[in-house]
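The values are calculated or read from the model by the stated rules, or taken from the named source; none is laboratory data. On a predicted model such as this, the values are computed, not experimentally measured, just so you know. Backbone-built Cβ (ideal geometry, glycine too); neighbour counts: all protein chains shown.
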Amino acid sequence: MAWVLIIILVVIMGGAIFLVFLGLREAGERDPLQARLAEFAARGESATLEEIELSQPLTERVIYPMARRFGEIALRFTPQNAIQTTQHKLELAGNPTGLDPTLFWSLRLAGISLGIFMVILAAIAPEGSFLKGNGLLYGIPASVLGFYLPELWLRSKINKRQTEIRKAMPDALDLLTICVEAGLGFDAAMSKVYDKWDNPLGAAFGRVIREIQLGKLRRDALRDMASRMGIPEMTSFVAAVIQSEQLGVSMAKVLRIQSDQMRLKRRQRAEEEAHKAPVKMLFPMAILIFPTICIVLMTPAFLMLMRSALAGVFGF
């Protein structure tokens, strides 16, 4: 019976992992229904909307809407401030895999349900099982971990994206400076950065260009870009660009100064990380390397002591 409970627990955990994988799957650029319509049109077949919907995979028709429905239920009991904070964090992370607050909270709700299932299994477990009487012992940590695991994943995505943007900023500003000094406008220079580089910074400049083309003011588009990144360096850069535009200062000179400052800050961050390296190396050395060295050095002396006349003194 204990093996049956273990199998059921593994199935539940596998289902939760599958839901997480489903929620984090790559979001296509096209709507699945529109893609299916285009496929039928290319084949020259006539089909009703119901037939087209039934031709979609099970995940698109059932599981994915259920995940979103769970997220909507979670959002009903979530404060509006938390929803806005989640939306802002998703923007800071670059909206990874097409996540939205509804789907994100559905993942957290699924994590809590994992602990609830473990408590239920512990309640129906037979006598002698490792789960019997330990439902809260396993269920509470599982619920807490399942609830905060998506948050930790999102934080890692934010840190990774901000690190990539900080590394790319000096080179991007150099390209902007060269383009502006060559006679291009600032918008055209941002388009060059977007065309040349396939990274989060290039994508951010591309979004600014699209927003400007749709009628948004450039200063507002740049401020929104800085807000979506959450990087002080980008905020100061956007403020300098807007100020130079309002005061009529040479854009090329401002970009040159900003580029030099970004390169200096990148060098300072590299030096800071280099200074942290000895402290970070201390823990693996103390836990893994030093005990191994002591075993290698002390084992021959220990063997010689056992074979010597002092072995009886020490009780060997």
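General observations
- Scanning segment 96-115 for residues that are of a type in the set (S, T, N, Q) and closer than 18 Å to residue 156 by Cβ returns a single hit, 97.
- Residue 167 vs. criteria farther than 26 Å from residue 88 by Cβ and in a helix (DSSP H, G or I): no
- Failed criterion for residue 258 (all others in (1) without any contact (Cβ under 8 Å) to a residue 40 or more places away in the chain; (2) more than 27 Å from the chain's Cα centre (by Cα) hold): (1)
- Residue among 170, 141 that is surrounded by fewer than 16 Cβ atoms within 10 Å (Cβ to Cβ) and either over 27 Å from the mean Cα position of the chain (by Cα) or not basic (Lys, Arg) (or both): 141
Table: residues versus (1) modelled with pLDDT of 75 or more; (2) closer than 19 Å to residue 110 by Cβ; (3) part of a loop (DSSP other than H, G, I, E, B).
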{"position": "127", "(1), (2), (3)": "no, no, yes"}
{"position": "132", "(1), (2), (3)": "no, no, yes"}
{"position": "136", "(1), (2), (3)": "no, no, no"}
{"position": "139", "(1), (2), (3)": "yes, yes, no"}
{"position": "143", "(1), (2), (3)": "yes, yes, no"}
{"position": "147", "(1), (2), (3)": "yes, yes, no"}
{"position": "151", "(1), (2), (3)": "yes, yes, no"}
{"position": "155", "(1), (2), (3)": "yes, yes, no"}
{"position": "163", "(1), (2), (3)": "yes, no, no"}
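- Per the listing 255, 222, the residue uniquely crowded, with 17+ Cβ neighbours inside 10 Å, at pLDDT 90 or above and assigned to a helix (DSSP H, G or I) is 222.
- Test: residue 143 is farther than 24 Å from residue 94 by Cβ and in contact (Cβ under 8 Å) with a residue 12 or more places away in the chain: yes
- Residues of segment 175-198 satisfying the condition of being surrounded by fewer than 17 Cβ atoms within 10 Å (Cβ to Cβ) and either in a helix (DSSP H, G or I) or not acidic (Asp, Glu) (or both): 178, 181, 182, 183, 184, 185, 187, 188, 195, 196
- Some residue of segment 212-227 being out of contact with any Lys or Arg (no Cβ under 6 Å at 6 or more places or on another chain), touching a residue at least 40 places away in the same chain (Cβ under 8 Å) and aliphatic (A, V, I, L, M): no
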